[in-house]
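Visitor: I'd like to ask you about the structure that follows.
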Amino acid sequence: MSKPLQEKLSIINYIPGTFDEKEALEMMGPENSNHEYLRSAVNRHVIQKYDVHKRFNIHGILRDCISEYMLIKDLPLVRGRFCRIFSKILQELENKSFTSDYQWALCQLNLEQQNFNKLLTDVFHCTSDTYQVFVNIASFQFNTTSPTFLFNSPDSYGK
């Protein structure tokens, strides 16, 4: 695997759950060649594509290998991108929860659950770049995101 592809995979691997093409491309950065890197990873069977939901996932054992052997070069930059991308998605889903798209938003919230869990725990790595993102999350009153749902506690199944 080429060094640039390894670097892009290490960045995508920061996303803990499944992801769509837009999320992966935004995580990799503004370069035009990122479509090619994503396609190459899918063709090499490193990333699996689920056509039903149009989402991708890195195979479990490969995810572990990428974490161990392909370190992220600029971790603060990647964390910042992750926080901005997924907080924006969370806010979009919140806005849709008050419309006729409520059911779709709830389904998307379920698909993104692992990613939102990581977003909320990344507050420990808050910097001046991501401070405002976390302040916005804390100050915004979410309709669809109760702590029991986001953190997948047993309480969410009992009610």
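Visitor: Which numbered condition in (1) within 30 Å of TYR131 (Cβ to Cβ); (2) in contact with a Phe, Trp or Tyr (Cβ under 9 Å, 6 or more places away or on another chain); (3) of a type outside the set (A, V, I, L, M); (4) not assigned by TED's automatic domain parsing to the domain that holds VAL123 is the only one that GLN48 fails?
Guide: (1)
Visitor: Shifting gears a bit: Could you check how many residues of the stretch 87-135 are in a helix (DSSP H, G or I) and in contact (Cβ under 8 Å) with a residue 60 or more places away in the chain?
Guide: Adding up the residues that qualify gives 7.
Visitor: A further question follows. Could you list, in sequence order, all residues of the stretch 43-65 that are surrounded by 13 or more Cβ atoms within 10 Å (Cβ to Cβ) and assigned to a helix (DSSP H, G or I)?
Guide: LEU62, ARG63, CYS65
Visitor: Also, I was wondering about something else. Is it the case that the stretch 14-33 has a residue that's in contact (Cβ under 8 Å) with a residue 12 or more places away in the chain, among the basic types (Lys, Arg) and not assigned by TED's automatic domain parsing to the domain that holds THR121?
Guide: No: the stretch 14-33 contains no residue that is in contact (Cβ under 8 Å) with a residue 12 or more places away in the chain, among the basic types (Lys, Arg) and not assigned by TED's automatic domain parsing to the domain that holds THR121.
Visitor: Within the stretch 101-117, can one find any residue that is over 24 Å from ILE58 (Cα atoms) and among the charged types (D, E, K, R)?
Guide: The answer is yes, given that some residue of the stretch 101-117 is over 24 Å from ILE58 (Cα atoms) and among the charged types (D, E, K, R).
The values are calculated or read from the model by the stated rules, or taken from the named source; none is laboratory data. Quick caveat, the model's predicted, so the values are computed rather than measured. Quick reminder, even Gly has a Cβ in these numbers, built from the backbone with ideal geometry, and neighbours come from all protein chains shown.
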